[in-house]
Amino acid sequence: MSFDINKIVRPSIAALKPYSSARDEFTGKADVYLDANENPFDTGLNRYPDPYQQELKSAISKIKNVPKENIFLGNGSDEVIDLLFRGFCEPGKDEVITLPPTYGMYQVSADINHIKTNKVSLTPDFEIDEAKLEATINPNTKIIWFCSPNNPTGNALDPDAIIKILKSFNGIVVIDEAYIDFSASQSWIDFLDFYPNLFVMQTLSKAWGLAGLRLGMGFASKAIIEILNKIKPPYNINTLTQDKALEALGHFEEKNEAVDVILNERINLNQALSELQTVRHIYKSDANFLLVKIDHASTIYQKLVEQSIIVRNRSNVTLCEDCLRITVGTPEENKTLISALKQLI
């Protein structure tokens, strides 16, 4: 397979002349700034942020061992998802493939952008149905969306199956690694040099504990990153987000310690849940949550809500009938949950 981005990008995007902001035209340091129609009085936020987040990307580059030119930052991963649709999928013509049960924003963003979604359900044990996936790919397929570790199932998908697609598919293969810090699996970032059609998403929302910050990360070839930079809003990552993210990245060990606690609590929570008579199955998890098949899941969910304990009812999701998705909380929160479940049995 010979991947050619010029055959994948939308023609109108390829021909697009991007907006040039004041900070695109002058990127150095100066004593007097009169170019961007900003308020001249210093409030700490009166200047526009760096449109390409160079300092923040430098910090991420060191942690991820990925060159800055291979990094894209979005206002949450949802913006990254949307820009991939807008950059590479012609509305009303092109198609994508998702593998439900999976993260719901792929479908929502496809619908917003008027892109047909072809669904290839995972197998009952939440693995890739390789034969069906290969049969579903057609000349209009531009993106295949993998979530690994998967949400809401929690498992990492078979890497050999994904590699086959990377080698054979002449479109973009997205691997959403929002939960990679909780998994023993190798990150797909390590394979960027081998597959020019690979796009890896990560986030600061989960392991880094910065969901309120809204910072999603994309890692890909320079050619793909250039397309996203071409169509993104000029200042999509605000100054406060850039500053706070930089501060957080300086506390790498604290992040790792928090992940260790969550992983240990995942074991404890799994054990405590397995001892409940109404629990039928706990699926293997490489994430910071457990998918639990339980008798009368919807009733249990509602009774927990009445006790101000909120889990996620996934019973209406493909292959997740009678399942609750339970985030691993603090030791105290997990004990509260188990105590409440015991009283409901």
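Checking each residue in the stretch 133-160 for being of a type in the set (A, V, I, L, M, F, W, C) and in contact with a strand residue (DSSP E or B) (Cβ under 9 Å, 6 or more places away or on another chain) picks out L133, I137, I143, I144, W145, F146, C147, L157. Taking every residue in the stretch 127-139 that is of a type in the set (F, W, Y) and pairing it with any residue that is at pLDDT below 95, at least 6 positions away or on another chain, yields no pair with a Cβ-Cβ distance below 6 Å.
Residue-by-condition table, conditions (1) surrounded by fewer than 18 Cβ atoms within 10 Å (Cβ to Cβ); (2) outside the structural domain of N288 (by TED's automatic domain parsing); (3) closer than 25 Å to N155 by Cβ; (4) not polar (S, T, N, Q):
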residue: V305; (1), (2), (3), (4): yes, no, no, yes
residue: S308; (1), (2), (3), (4): yes, no, no, no
residue: R312; (1), (2), (3), (4): yes, no, yes, yes
residue: V317; (1), (2), (3), (4): no, no, yes, yes
residue: V328; (1), (2), (3), (4): no, no, yes, yes
residue: E333; (1), (2), (3), (4): yes, no, yes, yes
residue: L337; (1), (2), (3), (4): no, no, yes, yes
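Residues of the stretch 118-126 include at least one that is within 29 Å of R312 (Cβ to Cβ), part of a strand (DSSP E or B) and out of contact with any Cys (no Cβ under 8 Å at 6 or more places or on another chain). Restricting the search to the stretch 243-286, which residues are in contact (Cβ under 8 Å) with a residue 24 or more places away in the chain and more than 24 Å from the chain's Cα centre (by Cα)? N268, L269, A272, L273, L276, Q277, T278, R280, listed by residue number. Residues that are touching a residue at least 40 places away in the same chain (Cβ under 8 Å), within 22 Å of I224 (Cβ to Cβ) and not acidic (D, E) within the stretch 158-185 comprise K167, S168, F169, N170, G171, I172, V174, A178, listed in sequence order. Scanning the stretch 221-251 for residues being in a helix (DSSP H, G or I), of a type outside the set (D, E, K, R) and surrounded by fewer than 13 Cβ atoms within 10 Å (Cβ to Cβ) gives a total of 1. Screening the stretch 1-100 for helices (runs of 4 or more DSSP H) wholly inside it with 3 or more residues that are under 28 Å from L204 (Cα atoms), assigned by TED's automatic domain parsing to the domain that holds K232 and at pLDDT below 95 returns no ranges. All conditions but one from (1) in contact with a Pro (Cβ under 9 Å, 6 or more places away or on another chain); (2) among the polar types (S, T, N, Q); (3) crowded, with 20+ Cβ neighbours inside 10 Å apply to Q53; the one that does not is (1). The residues listed here are A258, A272; of these, the one that is part of a helix (DSSP H, G or I), out of contact with any helix residue (DSSP H, G or I) (no Cβ under 7 Å at 6 or more places or on another chain) and of a type in the set (G, A, S) is A258. Cβ separations smaller than 6 Å between residues 6+ apart or across chains give the following pairs from the stretch 24-43 residues that are surrounded by 10 or more Cβ atoms within 10 Å (Cβ to Cβ) to residues that are part of a helix (DSSP H, G or I): D35/A22; A36/A22.
The values are calculated or read from the model by the stated rules, or taken from the named source; none is laboratory data. The shown structure was predicted, so the numbers you read here are calculated from the model rather than taken from an experiment. In this analysis, Cβ positions are derived from the backbone assuming ideal geometry, glycine residues included, and neighbour counts consider all displayed protein chains.
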